[in-house]
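Q: Before I ask anything, let me first share the structure, which is written out below as structure tokens.
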Amino acid sequence: MKLHDTIDVLIGGYLSKDAAEEDYNAVLECGGHLQGAVIVGKDLEGNLSVEQTDHMVREGAEGLGAIGFAVGLIAPPAVLATTAVGAAIGAGAGELLHHEVKEKLGQQAGETIPIGGAGLIVSYSHSEAEKVEPAVTRAVKKAIGEAEGRHVQALKGAIADAQQKMAASDA
Amino acid sequence: MSQPDRSKLPIRQHRFAGTANRTLGGSQPDWEAIGHVEPPDGAPNVLLVLIDDAGFGNAGTFGGPIDTPNYTRIAREGVRYNRFHVAALCSPTRAALLTGRNSHAVGFGSVGEFSTGFAGYTAFVPDDCVPFPRILKDNGYSTAAFGKWHLTPDGQQGPSGPFDRWPVGWGFDYFYGFLGGGASQWDPCLAENQKIIGTAAEFYDEENPYYLPDAMADKTIEWLHAIRGQDAKKPFFAYFATGCSHAPHHVSESWAAKYKGKFDQGWDKLREETFARQKALGVIPADAELTSRDDAFPAWDDVPDKLKPFYARQMEVYAGFSENADYNVGRVIDAIDELGELENTLVLWIWGDNGASMEGTITGSFNELTMQNGIPLSDEMQLQLSERYGGIDAWGGPMMDPHYSAAWAWAGNTPFQWGKQVGSHLGGTRNPLVVHWPERITETGALRSHFTHAIDVGPTILDIAGIPMPTHIDGIEQQPMHGVTFADSLTDANAPERHTQQYFETIGNRSMYKDGWWLSMKTARIPWVLTPDAIKPYTPGVWDPDQDPTELYYLPDDFSQAHDLAAQHPEKVKELRELFWQEAEKYNVLPLMAPLAGFFGMVPPLPETARYEFRGDVQNVLSGMIPRIYNHSYTITAELVIPSGGAEGVIVAEADHLGGFSLFVDDGKLTHTYSMMGVFVFRQQAEEPLPEGEVTVRMEFAADAPKPATGGEVTLFIDERPVGKGRMDHTVPIRFSGYAGMDIGRDNGGVVDLGYENRKPFAFTGTIKKVTFDVNPHPSTEEARETHKAVHHGHTAHALSA
């Protein structure tokens, strides 16, 4: 793996775990090389689940799980029935977490993911974007961040960028 | 027996005309003194059936895609009417139907939940317009109503009444059903006579779960058997008003599955197919034309392929739901037949009260109240939310309160334009009527095209029964009915058409019919859009109704309203517009847009009550009557006694997982769950268990600001000590539920927190001494006023779509 790369991170927010899983599987099968993919969901009873495919871990590098991040969710509809029915579909922005293990990721995600919701985070080299991004078709809220640098640094930067874009679209 | 004077009701009791000496010696009994009023000889039984939120082109009997074998059977043995009209909204049609008078004239220009300070919109029937069930009852009929009522204002649907606004007050001896505009078919909050009885016990029977349509038929048949067990001759009047096909569209999979794949062609093609069948059946004239699609509805071809199964499923469930209604009405008719009385039973069966409903918006919704609460959800979001609650195969089951797309409703109104709420066009104002009366109708299977209206039903029934319209009831001089009898058209195709003139008005959409001409005056607002921008044009002083576009149709030549003749006949436009204003004044239609008054600052006085106390045995407080906790800070305080070993269960819960709140104890810990219409679910739990003995707990919601859907912070307290907290980013601005009730000490029906679903109703195992809502804990007078305004806006919005 190159020491310097342009990394993209896609964050998707979903109102159902089924939809997130559909995109997750589509991403895994898209033919693009992923550096990692994480899906985090919370069922209607509040139970959290985390699934992770982390190529970077396999490759001995520091992957998504190690960097850790939870999803920016979801799309709180602007509920202003009679005074301002806005369209502000937007997540509470994805909040990057910096933890080292999946369990920690899950714990943090549990605090940010709404009951019944789910999130997807995918990281990939920018050169793979044309294959990866079209595979994500069901996110009700989506942001893509990008950063350049050494891979871990780039990954952090891309996540931050994605979160910033997510937050900006909530406004 | 001598015939009584029926001109004044109640009919005076027979005065003893015998002889009463000091002893029986020489005394002469008068047996009429112990009798009761009897109807005129030959007065038939009457079964009046009203299907809800259905269109002219839904039932197979009128060319629609839905199998309706019982409706077709009755039509073949009776007569069909293809120019029967309704009021384009639920309650107005029902009020017109049961009073024989124009809906505004009896206070029902809008729905029953919503009262304004204008005469045409009070939701109170004037005492000089007594409904005809009371007339039948006082003339010796047994009367009963089953199913949907929707004629009792919010705030009067509890044990303190007043009950003159309940079915019993309208003249029904017996009522079994629900008071609101819609209800779950699985766990409705039921009313019986003058009591809210809540969720049926069978709801908890997993093997044979409760289903309202079945229960309605069961109760009707049971009632028929009971009255016949007592009196072999007394005629009955049964009003059977289904919750179907109003949302939520609930039906078991076996019914929905019959339509699997039947709607994959989409709504555009479905309209064409229905139209062709209508022609073939002859229920529309051979020269009728299919009206075009308004831009408000997307073309089916423009629906993304991946979403088409989602949309098709919506209609499959609606169709199965509707066929089930036909089945259950058929059971009632069979029961009358089995009694040997179908020959002399007048059956009037109306398939729809306002055209099919477009209130599901274009996307359809997993939860019908998302639209009313102003939650904008894309079709992808709706699909994901349906997946959250079981997937599209669960659409129709108890986990969702679904409503289909407005485009399916439009297709259900084939061949007309528009639908529910649109009083300017036939899609919202014309529904099928079938009349069955074997004893008199000999020209079976005939079609009648007399212009008829819901207000004609009462006069027709009275005419057939030989009962005169009373001049006085309870000493009050009665207004004449506005409808006219069409009884002679049952047996005579050439009977004169008496109903030659009729106004229509629903939320500003209006029309004037006279002698075949129909002037349409539709507002620009799309019925399912309630945004500020959509409302703004109707601001007082800004809106000039006479500047609204007009369309003119000549119905004898143009059955479906396909050809606008306004440009060719400006004098007719002017004439009918003037006539509309005259009628509007006469029947209390004015001011136009009165249902929107709340949006323009005309709100009722600020309620004085800010604290509501409930003792531990209060259950089934209907959703329109719960404390007004929306859009501002509030607290819920409960005084409890926790027994040795602890307690669990619900302290107070409103509605269910698709919108509601629950304060409960689980695993020994105080917990609060709040469902923001099933889109967001928030849960907070105390960090320590409840102590034993007497304890006071409190849930405090500190709103960010008194504004619609405000977010805020939740804090849980035990004896004034904070023990848990959490944030709710959004709250429900208008209404948790259209039907589900609030309970103290349990969570009746569908539960709020699915974590205790398998323990429902999760009754509290300790003692609840009192639960207190404080709905005005902090705000200034100005804030309170603003919040009140916002709440009233919400109430208005609900009223526009109930």
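Laboratory data are not the source of any read-out in this text; all were calculated from the coordinates shown. Just so you know, these numbers come straight off a predicted model, no measurement behind them. Because the Cβ atoms are built from the backbone with ideal geometry, glycine has one as well, and the counts that use them run over all protein chains shown.
Q: Which order do the peptides B:670-682, B:544-556 take when ranked by the mean count of other beta-carbon atoms within 10 Å per residue, highest first?
A: Highest mean packing first, the order is B:670-682, B:544-556.
Q: Counting partner chain Cβ atoms within 10 Å of every residue's Cβ in A:131-143, what's the average?
A: 1
Q: Is the stretch B:611-799 best put as rounded, prolate or oblate by its Cα gyration tensor, with a ≥ b ≥ c the root eigenvalues, rounded for a/c under 1.5, and otherwise prolate when a/b is larger than b/c, oblate when not?
A: It is prolate, given that a/c is not under 1.5 and a/b is the larger ratio.
Q: For the stretch B:505-600, report the % of Cα-Cα distances exceeding 24 Å.
A: In whole percent, the share of Cα-Cα pairs in the stretch B:505-600 beyond 24 Å is 26.
Q: Arrange the peptides B:305-313, B:133-141 so that the one whose residues have, on average, the most other Cβ atoms within 10 Å appears first.
A: Packing proxy ranking, top to bottom: B:133-141, B:305-313.
Q: Still on this structure, please answer the following. At 7 Å along Cα-to-Cβ for each site, give me the label-to-label distance between A:ALA129 and B:SER254 in nm.
A: 5.6
Q: Once a ≥ b ≥ c are taken as the square roots of the eigenvalues of the Cα gyration tensor of the stretch B:332-443, is the result rounded (a/c under 1.5), prolate (a/b larger than b/c) or oblate (a/b not larger than b/c)?
A: oblate
Q: Could you state the orientation-averaged shadow area of the convex hull built on the Cα atoms of the stretch B:45-499, in nm² to one decimal?
A: Numbers: hull surface 83.1 nm².
So the mean shadow area of the Cα hull is 20.8 nm².
Q: While we're here: If r is the Cβ-Cβ distance from B:ASP719 to B:GLU343 and R0 is 60 Å, what FRET efficiency results, to the nearest 0.05? Walk me through the intermediate numbers first.
A: Values: r = 71 Å, r/R0 = 1.19.
It comes out at approximately 0.25.
Q: Write out the GluC sites (Glu not before Pro) in the stretch B:600-686 meeting two conditions: DSSP loop, and at most 12 other Cβ atoms within 10 Å of their Cβ.
A: The qualifying sites are B:GLU608.
Q: Mind listing the phi-derived Karplus ³J(HN,Hα) values for the stretch B:744-759, rounded to whole Hz, using 6.51, -1.76 and 1.60 with θ = phi - 60°, and x for any glycine or proline?
A: Going residue by residue, I get 9, x, 5, 10, 5, x, x, 9, 6, 9, 5, x, 10, 4, 7, 10 Hz, with x marking Gly and Pro.
Q: Turning to a different aspect of this structure: When the Debye formula is applied to the Cα atoms of chain B, each taken as the same point scatterer, what base-10 log of I(q)/I(0) results at q = 0.06, 0.08 Å⁻¹?
A: So the normalised log intensities work out to -0.38, -0.67.
Q: From Cα pairs below 8 angstrom and at least 6 apart in sequence, can you work out the relative contact order of the stretch B:611-799, rounded to a whole percent?
A: It comes to 34 percent, rounded to a whole number.
Q: What is the Rg over Rh value, at two decimals, for the stretch B:328-378, using alpha-carbon atoms and the Kirkwood definition of Rh?
A: Ratio value, two decimals: 1.32.
Q: Report, in deg cm²/dmol and to the nearest 500, the calculated mean residue ellipticity at 222 nm for chain B, where each DSSP H run with n ≥ 4 adds -39500 (n - 2.57) and the sum is divided by the residue count. Each step should come with its number before you reach the end.
A: Working: 16 runs with 174 residues, N = 802.
Helix contribution divided over all residues of chain B: -6500 deg cm²/dmol.
Q: Taking the alpha-carbon distance from B:LYS269 and a cut-off under 28 Å, which lysines remain once sequence neighbours fewer than 8 residues away in the same chain are dropped?
A: B:LYS258, B:LYS260, B:LYS279, B:LYS306, B:LYS308, B:LYS420, B:LYS522
Q: Could you work out the relative contact order of the stretch B:143-205? I mean the mean sequence separation of Cα pairs under 8 Å and 6+ apart, divided by the number of residues, in percent.
A: Relative contact order, the stretch B:143-205: 32 percent.
Q: Still on this structure: What are the residues whose amide H is under 5 Å from the amide H of B:GLY198, where those residues sit 5 or more places off or on another chain and H is modelled from the backbone?
A: Result for B:GLY198 returns B:LEU190.
Q: Could you sort the peptides B:363-372, A:16-25 by per-residue average Cβ neighbour count (10 Å cutoff), highest mean leading?
A: Highest to lowest by the protection proxy: B:363-372, A:16-25.
Q: Still on this structure, I have one more. Over the Cα atoms of the protein assembly as shown, what is the Rg over Rh ratio if Rh follows Kirkwood?
A: So for the protein assembly as shown, dividing Rg by the Kirkwood Rh gives 1.01.
Q: Also: At a threshold of 8 angstrom on Cα-Cα distance, excluding pairs fewer than six apart, so keeping six or more, what relative contact order does chain B reach in percent?
A: 16
Q: Just counting partner chain Cβ atoms within 10 Å, what average do the residues of peptide A:8-14 show around their Cβ?
A: 1
Q: Excluding same-chain residues fewer than 8 positions from B:LYS669, which lysines have a Cα within less than 29 Å of its Cα?
A: Cross-link targets: A:LYS17, A:LYS42, A:LYS102, A:LYS104, B:LYS725, B:LYS760, B:LYS769, B:LYS770.
Q: For the stretch B:599-657 and the stretch B:183-199, what is the separation of their Cα centres, given in Å?
A: 19
Q: How much net charge surrounds B:PHE664 when only other residues with a Cβ under 13 Å from its Cβ are counted (Lys, Arg +1; Asp, Glu -1)?
A: Once positives and negatives cancel, what remains is -3.
Q: Report the net charge of residues surrounding B:ASN82, where surrounding means a beta-carbon distance below 10 angstrom and charges are Lys +1, Arg +1, Asp -1, Glu -1.
A: The answer is +4.
Q: While we're looking at this one, here's another question. How well do other chains shield peptide B:383-393, expressed as the mean number of their Cβ atoms within 10 Å of each residue Cβ?
A: Shielding by partners across B:383-393 averages 5.
Q: Among the aspartates and glutamates, which have Cα under 13 Å from the Cα of B:LYS262 when same-chain residues fewer than 8 positions away are ignored?
A: B:ASP67, B:GLU273, B:GLU316
Q: Which net charge results for the neighbourhood of A:ALA147, defined as the other residues with beta-carbon distances under 11 angstrom from its beta-carbon, given Lys and Arg at +1 and Asp and Glu at -1?
A: Spelling it out: positives minus negatives among the neighbours equals -3.
Q: Over all pairs of distinct alpha carbons, what does the Kirkwood formula give as the hydrodynamic radius of the stretch B:532-648, in Å?
A: 20.6
Q: Which residues' amide hydrogens lie under 5 Å from the amide hydrogen of B:GLY64, considering only partners 5 or more residues apart or on another chain, with H built in the peptide plane?
A: Amide H neighbours of B:GLY64, under 5 Å, 5+ apart: B:ALA59.
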